[in-house]
Amino acid sequence: MDAAGDLYGTAYFGGLTADNCYSSCGVVFRMARARQGWVLKPIYTFAGGDDGGNPDASVTFGPDGTLYGTTFSGGGVSCPSGFGLGCGIVFNLRPSPSACKSALCPWSETVLHRFAGESQDGALSGGAVVFDQAGNLYGTAYEGGYYSTNCAWGDEWCGVIFKLTPSNGGWTESLPHIFAGGTDGANPDAGLVFDADGNLYGTTDTNGTGEAGTVFELSPSGYGWEENILHPFGYDGGGEHPVTSLIFDPAGNLYGSTESGGGANGNGTVFELTPAYGGWTYTQIYAFQGSSEELGPRANLVMDNAGNLYGTAYSIGNWGLVFKLTPSDGGWIYTVLHQFAYGDGGNLPLGAVVLDANGNLYGTTSSGGAYGYGTVWEITP
């Protein structure tokens with residue numbers, strides 16, 4: 001959300017149909033406030049090939065006020081992980097410097113990096129990017145890096161953390177961490193978050209000592225970046241496969257979610273990690289209850305000024321829901337704010353959740369709506 005209250009997001013499909021992306025290549029869109037409500041305006045349409053295709057993460061406002069993001073495919077680089085469709089890119093979008101003469105008013109794209117996959121680079125990025133105080137850009141790539149039998153469920157590329165540094169009018173890539181699978185974790189599927197000291201925190205979807213993903217910390221040192229596993233997930237009822245980014249509260253506690261595990265049928269969890277005695281204490285805040293085929297959160301959490309947590313569960317109750325967790329007497333009270341149903345209202349919520357200053361929640365569904373291809377929704381208290 002920008003300062004004017006307009007929303008920005010991505011659609012994995014739609015736009016142009018091409019042979020060098022998955023089906024159709026996707027768009028970046030703006031939801032602009034209008035007198036009668038909201039108007040959707042595509043601000044960039046991907047064509048596959050050199051300019052990337054199929055954006056699979058939300059966009060981020062950079063220090064210069066323009067938009068930055070990644071695509072899952074395209075880029076024009078042969079990619080063993082991309083099934084011949086390219087390994088994806090990191091991009092920047094800028095509005096036209098002159099008055100717009102078009103109703104759609106498209107933005108211009110600059111490709112900052114084209115992923116190459118294999119041992120020298122990442123591939124198939126699906127997490128939002130983040131900036132440090134010096135203006136360097138960081139993100140995750142689900143594959144690329146090491147090719148190992150230790151990753152996921154067989155021979156896989158294990159994924160990387162990448163950094164882009166402004167340099168001579170361009171950007172130079174380095175890899176702060178290449179995942180090796182096994183106890184190290186593998187396949188990061190969400191964005192990163194910084195603490196006040198410049199340490200990075202994130203999650204991996206797979207591997208770790210419990211083989212169901214990890215929460216990790218990367219700390220800068222004179223020898224590069226050092227990894228510390230804060231919590232390994234396992235198939236023990238404590239949550240499995242964290243695929244969403246983490247958030248901090250003002251006290252320095254971390255919060256996140258898993259899409260499965262926890263509870264009788266393994267429908268996902270919300271968890272807290274608290275610094276304690278030089279380590280971190282893991283607490284499962286809530287375990288979702290549903291049928292064995294239903295999944296929990298696949299989108300980030302947000303926290304309001306009162307310390308309440310908000311998020312979505314992908315298919316709990318068949319079509320998903322929006323929930324609130326309220327701290328109370330050392331525990332948490334779970335409330336369903338909205339239950340999605342099959343039809344025009346949208347269903348299967350997927351993508352970033354945004355909370356504005358007035359307590360309104362915004363997000364997207366991956367299907368349903370008038371045309372069946374998803375919706376943008378608002379919930380007002």
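The values are calculated or read from the model by the stated rules, or taken from the named source; none is laboratory data. What you are looking at is a predicted structure, and each value in this text was computed from that prediction instead of being measured. Here the Cβ positions follow ideal geometry from the backbone for every residue, glycine too, while neighbour counts run over all protein chains shown.
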Mind checking whether some residue in segment 6-16 is of a type in the set (D, E, K, R), within 19 Å of residue 353 (Cα to Cα), modelled with pLDDT of 90 or more and surrounded by fewer than 18 Cβ atoms within 10 Å (Cβ to Cβ)?
-> yes
Residues in segment 340-363 that are under 23 Å from the mean Cα position of the chain (by Cα) and either surrounded by fewer than 13 Cβ atoms within 10 Å (Cβ to Cβ) or more than 24 Å from residue 12 (Cα to Cα) (or both): how many?
-> 4
Which ones in segment 353-378 are of a type outside the set (Gly, Ala, Ser) and assigned to a loop (DSSP other than H, G, I, E, B)?
-> 353, 356, 358, 360, 371
When you scan segment 289-319, how many residues do you find that are free of Cβ contacts under 8 Å to residues at least 40 places away in the same chain, within 25 Å of residue 58 (Cα to Cα) and not small (Gly, Ala, Ser)?
-> 5
When segment 289-307 is examined, which residues are found to be hydrophobic (A, V, I, L, M, F, W, C), part of a loop (DSSP other than H, G, I, E, B) and closer than 26 Å to residue 356 by Cα?
-> 299, 301, 306
Listed by range, strands (runs of 3 or more DSSP E) wholly within segment 1-57 having at least 1 residues that are without any contact (Cβ under 8 Å) to a residue 60 or more places away in the chain and hydroxyl-bearing (Ser, Thr, Tyr) are 7-11
Kindly indicate whether any position in segment 71-79 is assigned to a strand (DSSP E or B) and either surrounded by 15 or more Cβ atoms within 10 Å (Cβ to Cβ) or not acidic (Asp, Glu) (or both).
-> yes
Across segment 270-288, what is the total count of residues that are without any contact (Cβ under 8 Å) to a residue 12 or more places away in the chain and assigned to a loop (DSSP other than H, G, I, E, B)?
-> 2
